[in-house]
Amino acid sequence: MALPELDITATINGRQVSRADVLAWEDKRIDAAAKKLGVPAPDPMPVSERREEWLQIKRALGDDEMLRRLERDARIADIVGRAQASLSRRRRICVTELHVPGGTAQEFADLFTEITFSSNQDAMERSCPDHFVLRMAGGRQQVLETNGGSPFAALFDIDYDDVSSLVTPIDPQFPVRLDGVAISSTGRPIGGVRHQFRDTADGVHARLLVEFPLPMLQTVISGHRWHLACEFSNWFEAAFAG
């Protein structure tokens with residue numbers, strides 16, 4: 001289900017990036033994600049169509065098979081993440097900002113909350129090629145994804161209830177927030193998200209922020225800025241361009 005594109009502007013590492021640039025990144029990541037799963041990538045076609053084809057490939061494989069194929073990656077990423085988090089309580093911060101025409105911050109937060117807690121896997125996994133499994137399990141969100149420029153897919157849970165381990169202060173200029181804490185296999189917080197939103201004269205300003213363990217490689221941080229731009233641009237289009 002291709003949606004009209006919104007003229008969303010991203011700010012990545014202090015540089016303004018167009019929607020076309022983010023879509024070009026998404027197109028390349030479809031190929032990388034297919035290679036990661038060991039399946040043929042969708043044929044060349046408009047990104048919106050490849051996005052749907054890629055979602056159907058993941059659906060055909062199924063959650064259990066994707067978890068099996070990426071088990072080794074997930075095990076390594078879990079060990080590395082726990083080791084990194086144990087070295088320091090400080091975090092390395094990854095930020096991307098979006099300016100979105102139309103809609104309101106609360107409308108978007110309501111949509112995101114609904115698709116998250118209803119475990120709408122199509123909406124969650126369509127938004128970024130590197131989203132393999134995103135579903136609610138035991139009151140938390142199970143996530144299997146490749147974080148930015150990481151060589152490994154990571155498996156972790158997101159706790160949306162206890163966010164006390166986040167270190168990023170709340171900005172009162174952004175009254176709408178989506179907060180969550182990433183939990184390792186041993187139940188240890190290893191990072192989290194503090195996404196903040198506010199209304200503007202013509203739409204929404206989103207400050208998307210991920211807290212990684214302090215030793216996280218800069219290449220992962222750099223890649224994840226694009227990951228954030230991709231997934232949230234697609235979620236905003238689903239919310240406001242339908």
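Annotations
- Within segment 194-227, considering residues that are within 19 Å of GLU107 (Cα to Cα) and within 18 Å of the chain's Cα centre (by Cα), the one most open to solvent (accessible area, probe 1.4 Å): ARG207
- Only residues that are part of a loop (DSSP other than H, G, I, E, B), touching a helix residue (DSSP H, G or I) at 6+ places or on another chain (Cβ under 7 Å) and open to solvent by 10 Å² or more (accessible area, probe 1.4 Å) were counted in segment 145-160, giving 4.
- Looking across segment 112-144 at every residue that is within 20 Å of ILE79 (Cβ to Cβ) and free of Cβ contacts under 8 Å to residues at least 60 places away in the same chain, the one that is most open to solvent (accessible area, probe 1.4 Å) is identified as GLN142.
- Just one residue in the set ALA83, ALA105, ALA123, ALA154 is modelled with pLDDT of 95 or more, among the small types (Gly, Ala, Ser) and closer than 22 Å to THR168 by Cα; that residue is ALA105.
- Subset tally (residues that are within 22 Å of SER222 (Cβ to Cβ) and either of a type in the set (Lys, Arg) or surrounded by fewer than 16 Cβ atoms within 10 Å (Cβ to Cβ) (or both)) for segment 47-91: 6
- Qualifying residues in segment 82-111 (those that are touching an Asp or Glu at 6+ places or on another chain (Cβ under 6 Å) and not β-branched (Val, Ile, Thr)) - the one farthest from VAL167 (Cα to Cα): PRO101
- Of the residues making up segment 161-179, those that are part of a loop (DSSP other than H, G, I, E, B) and open to solvent by less than 50 Å² (accessible area, probe 1.4 Å) number 6.
- Residues being open to solvent by less than 70 Å² (accessible area, probe 1.4 Å), assigned to a helix (DSSP H, G or I) and in contact with a Leu (Cβ under 7 Å, 6 or more places away or on another chain) are represented in segment 92-111 by at least one member.
- Breaking point among (1) touching a Leu at 6+ places or on another chain (Cβ under 8 Å); (2) part of a strand (DSSP E or B); (3) open to solvent by 10 Å² or more (accessible area, probe 1.4 Å), for ALA182: (1)
- Taken together, the residues in segment 11-54 that are in contact with a Cys (Cβ under 9 Å, 6 or more places away or on another chain) and either assigned to a loop (DSSP other than H, G, I, E, B) or within 24 Å of GLY103 (Cα to Cα) (or both) amount to 3.
The values are calculated or read from the model by the stated rules, or taken from the named source; none is laboratory data. Everything numeric in this text was worked out from a predicted model, so none of it was measured. Neighbour counts run over all protein chains shown; Cβ positions are idealised from the backbone, glycine included. SASA here: full protein model, heavy atoms, side chains in, ligands and nucleic acids out. Shrake-Rupley method; radii C 1.70, N 1.55, O 1.52, S 1.80 Å.
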